[in-house]
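Down below is the structure, laid out as structure tokens.
Values quoted throughout were computed directly from the atomic coordinates according to the rules given, and no laboratory measurement underlies them. Every value quoted in this text rests on a predicted model; they were computed, and no experiment measured them. Note: ideal-geometry Cβ built from the backbone for every residue, glycine included; neighbour counts use all protein chains shown.
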């Protein structure tokens with residue numbers, strides 16, 4: 001899969017360096033994946049859920065949520081947000097993107 005863009009991961013780890021190892025692990029897994037549908041994602045990363053048209057990945061022991069839109073046909077993952085659990089719970093992200 002082609003992950004767009006790694007910059008969001010770098011930005012998130014600047015603010016939350018404790019997420020760096022977990023986000024790096026997610027990136028490595030996603031980059032090497034060949035997902036064709038959500039069930040493939042779920043088999044690779046158990047702590048993931050479909051929310052509207054997006055996939056939400058629980059990262060760093062549920063301290064971090066990576067929200068992505070996945071184009072399975074073109075094998076591209078568009079990272080929309082990387083949020084703390086508290087930021088995610090406010091649900092503002094649902095109004096700011098096309099994930100719902």
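What's the number of the only condition in (1) part of a helix (DSSP H, G or I); (2) exposed (fewer than 12 other Cβ atoms within 10 Å of the Cβ) that residue 62 fails to meet?
Among (1) part of a helix (DSSP H, G or I); (2) exposed (fewer than 12 other Cβ atoms within 10 Å of the Cβ), the lone unmet condition for residue 62 is (1).
In the stretch 10-25, how many are free of Cβ contacts under 8 Å to residues at least 40 places away in the same chain and buried (at least 16 other Cβ atoms within 10 Å of the Cβ)?
1
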